[in-house]
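The values are calculated or read from the model by the stated rules, or taken from the named source; none is laboratory data. Keep in mind it's a predicted model, so treat the numbers as computed, not measured. Positions of Cβ are generated from backbone atoms using ideal geometry, with glycine treated the same way; all protein chains shown enter the neighbour counts. Heavy atoms of the whole protein, side chains included, go into the accessibility calculation; ligands, DNA and RNA do not. Shrake-Rupley method; radii C 1.70, N 1.55, O 1.52, S 1.80 Å.
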Amino acid sequence: MQFGILEILTLIGSVGMFLYGMKLMSEGLQKAAGDKLRHILAMMTNNRLLGALTGIFITALIQSSSATTVMIVSFVNAGLLSLGQSMAVIMGANVGTTLTAWIIALFGFKINIAAFAIPLVGFGVPLLFLHKNIYKSWGEFLIGFALLFLGLDYLNHSVPDLQANPEVFAVLQQYTQLGYWSILIFALVGMVLTMIVQASSATFAIALIMCSKGWISFDIAAALVLGGNIGTCITPLIASVSGNIWAKRAAAGHLLFNLLGSIWTLVLYYPFVRLIVWISTAITGDPNALAAFISTADPALVNQLNDKTLDLTNPENQALSEQFASMQYYVSFGLSMFHTVFNLINISIMIWFTKAYVFIVTRLIPSKPSDEEQEESHLTFISAGMLSTAELSIVQAHKEIVLYSQRTQRMFGQVRDLYHETAEAEFVKKFSRIQKYENISDRMEVEIATYLMNVSNGRLSDESKHQIQSELRIISEIESVADSCYNLARTIQHRYDNNAKFTNEVNDNIELMFNLVDSAIAQMIVALESTPIKITDVNKTQNLENEINNFRNQLKTQNVLDVNDGKYPYATSVLYMDMIVECEKMGDYIVNVVEAIADSKLYAVNQK
């Protein structure tokens, strides 16, 4: 057997085409689903059955349990789902991922999809050039679907022929003839393989090909699939590393679910496999029939059947080829049944113990003081190292922007406290805190913007690209509000240092202006939290901004008269007007935020 560099690269390329096809198909479906996918997950309730069904539906839709679980970890990190809700959705995701196995099983051997793959690409490519994003997304889905099965077909033909090399085959046979140890070894191999390629579907495809060629028995192939269920936990675990404590617990819950499910399966492995064989035989045929046939057939004949080089003009050969294809289908059906029944039994039992899962992972990953009392200087919902599906990461970023605006509101509240402070020690302490908030605000703007730029490097719809532009504008305007807060604090400090005395009338006017700005900031936060934004929120903000402008103009006119009348010195009037003008600038920044939100929503509506 010659298996050199070219053959190795061909094998790696086949796996790569399979994985890329699955990724492209998954991303196409996610973008076609658009906001609906986000809303389905974001609107989860405490109903564990509904959560499980949601996990099944989402994973069946996007064809990747890893993507779904990373989404869930991200949503737990963003506070959109509780830990208990996430457990149910994660359990459902494990059932939903079996649809990929069924697609491979039903079409991989029953129908020669590879023959239709290129025409599918030909049908999908024109869709990429159409105007509507939904058509482009479906074009990506079709191309991904075609590449997936082309990769599977190439993988089938590029794996080395072990039977043609007795030495290599003998080594493999040694590990398949160890009884129960063989099950454990191949389960470990399946786990490691899935951890490397980060796709249990690829492990399923490899197990299916090895079993369909007769290199391993059905029970060994099932052990590979079982190991793949554990290995698929690596992606959400990696995603949770830089997440908060709840994200880490959600990822740990996913690992615990798959571990416990695999342990009981390994304990009852042979009875469970016999159950699967009985179910599969009753529906289609015996999954073990292929191994029995290959063990007695001529190896040369088996190679011809696998390579489809057998002369089919002979009726006997034609019948034998059809029988061989049917036995391969029995194997693929049996492995899919094993994968599905295993996950169905797991979820049927464990769905009732979600609270226990929450309790266990909470004990396994206990809270630290830094988790309970997170520093204001750190992002809460996102981090530069944690990116889930690009489309869904925007949800995390927006959640962080809402928190950013709330911190800015607290900063303005501190400015108001500073204005009324008379004790020197307290004044210095409060001013230092405002300075700290200003530094935090600058850092948050950069970190959120960097995160959004990383998200924009992913595959995004035009709607999401426009949304990212709007979010970048929003954080810039919010940072300007924080700058104005700091400028107000510095003006108050100058008044304090110069011992400038404001009249009661001036104090009342500043207090009224503060109230208007405070109302505008609160209305801005309402607009940020609204999905979708209401036209009344935009109108309220614009009305408040008009009130601020009018009040500023009124006070400027009155200030000239009061200075001329000698009510207070000109130097005091400068400090007074600096504060009023800075408040008016804040009103402008706030209305810019709300208009950016409205523009983003209007664009999304026009795209549909």
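Annotation: extensible slack from N498 through V125 equals 127.1 nm (criterion: 0.36 nm per residue apart, minus Cα-Cα distance).
Converting phi to 3J(HN,Hα) with the Karplus coefficients 6.51, -1.76 and 1.60 and the offset θ = phi - 60°, the stretch 259-270 yields 5, 5, x, 6, 5, 5, 5, 5, 5, 10, 4, 5 Hz in sequence order, with x at every glycine or proline.
Stretched out straight at 0.36 nm per residue, the stretch from R410 to W264 would grow longer than its current Cα-Cα span by 47.3 nm. Sorting the segments 129-139, 180-190 by their mean number of nearby beta carbons within 10 angstrom, highest to lowest, gives 180-190, 129-139. One chain, two ends: L301 and V402. Fully extended at 0.36 nm per residue, the span grows by 29.7 nm beyond their Cα-Cα distance. Electrostatic tally near D442: other residues with Cβ closer than 9 Å to its Cβ, Lys and Arg +1, Asp and Glu -1, net -3. Of the listed pairs K399/K540; K436/K501; K132/K465; K465/K534; K136/K248; K399/K465, which have alpha-carbon separations greater than 25 Å here? From K399/K540; K436/K501; K132/K465; K465/K534; K136/K248; K399/K465, over 25 Å: K436/K501; K136/K248. Rounded to the nearest 0.05, what FRET efficiency do T422 and T557 have when you use their Cβ-Cβ distance and R0 = 25 Å? Efficiency, rounded to the nearest 0.05: 0.25. A crude spin-label estimate for the pair N439 and A292, with each label 7 Å from Cα along the Cβ direction, gives 7.6 nm. The 3J(HN,Hα) values that the Karplus relation (6.51, -1.76, 1.60; θ = phi - 60°) gives for the stretch 519-529 are, in residue order, 5, 5, 5, 4, 5, 4, 5, 4, 5, 5, 7 Hz. Gly and Pro appear as x. Each label point was placed 7 Å from the Cα along the Cα-to-Cβ direction; for L512 and S326 their separation is 9.2 nm. The E7 and T309 beta-carbon pair, evaluated with R₀ = 22 Å, returns a calculated FRET efficiency of approximately 0.75. If you take the square roots of the eigenvalues of the alpha-carbon gyration tensor of the stretch 253-303 and sort them as a ≥ b ≥ c, do you get rounded (a/c under 1.5), prolate (a/b over b/c) or oblate? Prolate shape, in that a/c is at least 1.5 and a/b is the bigger ratio. Within the accessible area of the stretch 245-294, what % is carbon and sulfur when the probe is 1.4 Å and the other protein chains stay in place? Here carbon and sulfur together make up 78 percent of the probe-accessible area.
With a Förster radius of 51 Å applied to the beta-carbon distance between N457 and N564, the computed FRET efficiency rounds to 0.30.
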